[in-house]
Amino acid sequence: MMTRILFVLFLQLSMAAGIVAQQPDTKVTLGIKPDYMYHFKGKGVKVGGVLAGQAAEKAGIKEGDIIVSMDDKPIETIYVYRDMLQTYKKGDKVKVVLTRKGETVTTNAVFQ
């Protein structure tokens with residue numbers, strides 16, 4: 001029984017380590033918690049949550065918004081969003097276009 005529990009724990013830790021290993025280092029963050037399941041439903045990155053005090057909150061981005069472009073470059077998947085973050089540095093200003101309740105909203109965020 002104990003061997004089985006240890007084996008399951010080992011598998012869970014291995015999977016978690018693999019997920020972390022796949023995350024590239026980004027220079028900046030917008031300060032959102034992406035809805036990782038959304039990419040199966042549509043284009044863009046759905047905001048699952050906003051971190052207090054971060055660029056997204058200061059720019060007025062809200063949970064449920066769908067980010068569709070940054071600096072006029074379309075964001076079709078979370079992977080495009082992740083890769084795009086690597087091109088910015090602290091202090092950069094980015095134009096963010098998002099969909100909120102069917103309406104298009106444009107805002108600017110400054111990476112911290």
Inset, instruction - Please order Ile78, Ile67 by the number of other Cβ within 10 Å, starting at the fewest. - result: Ile78, Ile67
Inset, instruction - Please give, to one decimal in nm, the separation of the simple spin-label points placed at Thr106 and Phe40, each 7 Å out from Cα toward the Cβ. - result: 3.5 nm
Legend entry - Given charges at beta-carbon only (K, R positive; D, E negative), |dipole| of region 58-104 in Debye: 260 debye
Inset, instruction - Using a 10 Å cut-off on Cβ atoms, rank the peptides 91-103, 48-60 from the highest mean neighbour count down. - result: 48-60, 91-103
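Normalised by the number of residues in region 27-110, what is the relative contact order in percent for Cα pairs under 8 Å and 6+ residues apart? It would help to have the intermediate numbers written out before the result.
On the way: 164 pairs, mean separation 25.1, N = 84.
That works out to 30 percent.
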Legend entry - Violating pairs (Cα-Cα greater than 20 angstrom) within the set Lys33/Lys62; Lys41/Lys89; Lys43/Lys90; Lys46/Lys101; Lys58/Lys93: Lys41/Lys89; Lys43/Lys90
Inset, instruction - Evaluate Rg over Rh across region 33-108, taking Cα atoms for both radii and Kirkwood's formula for Rh. - result: 0.92
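Since every read-out is calculated from the coordinates, none of them should be taken as a lab result. Just so it is clear, the model here is predicted, and its values are computed rather than measured. When we count neighbours, we look across all protein chains shown, and the Cβ atoms used for this are built from the backbone with ideal geometry, even at glycine.
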